[in-house]
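A short worksheet on the structure shown next.
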Amino acid sequence: MTFKDFDLNKQLLQAVAEAGYELPTPIQQKAIPAIIGGQDILGIAQTGTGKTAAYLLPTLMKIKFASGKYPRVLVLVPTRELGVQVLENAQVLGKYTDLRFVSIYGGLGPKTQIENLQKGSDLIVATPGRLIELYSKGDLVLKDIKTLILDEADRMLDMGFMPQIRRLLEILPTKRQNLLFSATFPEKVNKFSAEFLEWPVRIEVAPSATTVDTVEQFAYQAPNFHTKLGLLMHLLENDSLSRVIVFVKTRQYAENIFRYLGRKTNYTIRTIHANKGQNTRLNSFEDFKSGNVRILVCTDVSSRGIDITDVSHVINFDVPTVYEDYVHRIGRTGRALKAGTSITFMNPAEEHHLMNIEELIRMKITVLPLPPEVFVTETPIEENQEILKTLDALKKRADPTFQGAFHEKKWMIKARAEGKKVVIRKAKTVKKKNKY
Ligand code: AMP
């Protein structure tokens, strides 16, 4: 099947050819004819599958050319980053049309966005909060919307946008086509899609939570933060890690790694996390995308929907405890038929999580021996206690009768065996300043 097999016009076909798309991806093959045919769609597909073009091409085909003042298509996205990408995609694919695209999102003043809307628009890309804000102030007219697209619906619900979406559904004209795309398909998306879509065509390009086939997945056992840092440094010495996203669980971790690498190396590196202003985040993201920056350290907040092709490696500095985040994280590499690699660092507690992830993705992740150059440091007491506590919690979850071994020091076990009473006094906790 080629793009010419679809009922697309010359302008769109030319843009597709120029974008370098040779063949439609599986989701495009299924979604494009169904959308042109006017049906509602429930698409379960991660970024990297070509889902944006899957909904944009037929939608642009249907609205054809600039008309009227008010938008006819609304693409709702969870984050500004994704909004920027969808807009870019629309501009690329709509290059030979006169269609007007406007994006609206929070984090910066609404003035320019309002001016853009006033010039007239055919398709708008919006985050829910700003959309409702502009609508409420009368700066945005939604009465002509005929197609509503929800991109990354799972993320949108996770981020608590449900009230805004409900409000929006009350505002929009009822006669419209609805397209819902979601990277994963948890129960809440299932429930929401059931009330929102009418007899949708369900398109699942890969079973829910299945990772992109083109990603090679490896893992290393690294007992603690310091050893992980050493391992990261060692891996980065290899130039084949040309464009790397390092995922971490907290902002603090992101900052620590950023500072550490900044002190020890000359690598170009940026961090993205929720504490950074929107503009800083977007600039870092653009620098990484353009190839000016080799390493991007980020938290899961920023992991979804990032569309950067040619990410050579995704490094999970820790194993995400929300397992579906693993899928999102590694989805940044191996995009659109390109090979990619993901490397996960795991301490003993995290090994359990990785096993659960393997079950979820129905794939085995290859564990590699730690390179001999990497120095294994002793785990500091506090960190070790955290690990033991997590292990206890995991064991307890698997076996509710499990008593927990965390407090069981050797002398306690011995004392108990001798029938002695064990008294544990609570130690004073001293808050230590983070030293990295
Ligand atoms: P998406 O899943 O929409 O985030 O798209 C991921 C990447 O794949 C984007 O950079 C698109 O430009 C690219 N892409 C989309 N469709 C195709 C196609 N048919 N062939 C090659 N690349 C594509």
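For segment 3-59, how many residues meet the condition of being near the ligand (Cβ under 10 Å from one of its atoms) and either open to solvent by 60 Å² or more (accessible area, probe 1.4 Å) or not basic (K, R) (or both)? So the count comes out to 25. Scanning segment 129-165 for residues that are closer than 30 Å to V327 by Cα and either out of contact with any strand residue (DSSP E or B) (no Cβ under 6 Å at 6 or more places or on another chain) or in a loop (DSSP other than H, G, I, E, B) (or both) yields a count of 15. A Cβ distance below 9 Å, combined with a sequence gap of six or more or placement on separate chains, defines the contacts here; from segment 257-272, residues that are of a type in the set (G, A, S) reach no residue that is loosely packed, with under 15 Cβ neighbours inside 10 Å.
Number of residues in segment 37-86 that are farther than 19 Å from S103 by Cα and of a type in the set (D, E) equals 1.
Of all residues in segment 244-254, those that are under 23 Å from E373 (Cβ atoms) and either in contact with a Pro (Cβ under 6 Å, 6 or more places away or on another chain) or in a loop (DSSP other than H, G, I, E, B) (or both) total 1. Of all the numbered requirements in (1) out of contact with any Leu (no Cβ under 8 Å at 6 or more places or on another chain); (2) in contact (Cβ under 8 Å) with a residue 12 or more places away in the chain; (3) near the ligand (Cβ under 8 Å from one of its atoms), S67 misses one, and that requirement is (3).
Applying the criterion of being of a type in the set (G, A, S) and in a loop (DSSP other than H, G, I, E, B) to the residues of segment 360-405, the residue that is modelled with the lowest pLDDT is A405.
Conditions tested, residue by residue: (1) modelled with pLDDT under 85; (2) more than 25 Å from A53 (Cβ to Cβ).
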{"residue": "S303", "(1), (2)": "yes, no"}
{"residue": "T309", "(1), (2)": "yes, no"}
{"residue": "Y323", "(1), (2)": "yes, yes"}
{"residue": "Y326", "(1), (2)": "no, yes"}
{"residue": "I357", "(1), (2)": "no, yes"}
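For L232, state whether it is part of a helix (DSSP H, G or I), at pLDDT 95 or above, over 20 Å from the mean Cα position of the chain (by Cα) and surrounded by 14 or more Cβ atoms within 10 Å (Cβ to Cβ). Yes; evaluated as a whole, the condition is true for this residue.
Restricting the first member to segment 111-126 and to residues that are at pLDDT 95 or above, and the second to residues that are part of a helix (DSSP H, G or I), the beta-carbon pairs closer than 6 Å and six or more apart or on different chains are D122/I63; V125/G83; V125/V86; V125/L87. Within segment 170-196, the set of residues being over 23 Å from the mean Cα position of the chain (by Cα) and either among the basic types (K, R) or open to solvent by less than 10 Å² (accessible area, probe 1.4 Å) (or both) comprises L172, K175, R176. Taking the listed residues I357, I343, the one that is part of a helix (DSSP H, G or I) and more than 16 Å from the ligand (Cβ to nearest atom) is I357, with no other qualifying.
Within the span defined as segment 322-335, every residue fails to be within 15 Å of the chain's Cα centre (by Cα), surrounded by 22 or more Cβ atoms within 10 Å (Cβ to Cβ) and in a strand (DSSP E or B). On the given criteria, is K95 within 16 Å of the ligand (Cβ to nearest atom), charged (D, E, K, R), modelled with pLDDT of 95 or more and open to solvent by 50 Å² or more (accessible area, probe 1.4 Å)? The answer is yes for K95.
The values are calculated or read from the model by the stated rules, or taken from the named source; none is laboratory data. These numbers come from a predicted model, not from an experiment. With ideal geometry, Cβ positions are generated from the backbone for all residues, glycine too; neighbour counts draw on all protein chains shown. For the accessible areas, the whole protein counts, side chains as well, though only heavy atoms, and no ligand, DNA or RNA atoms are used. Shrake-Rupley method; radii C 1.70, N 1.55, O 1.52, S 1.80 Å.
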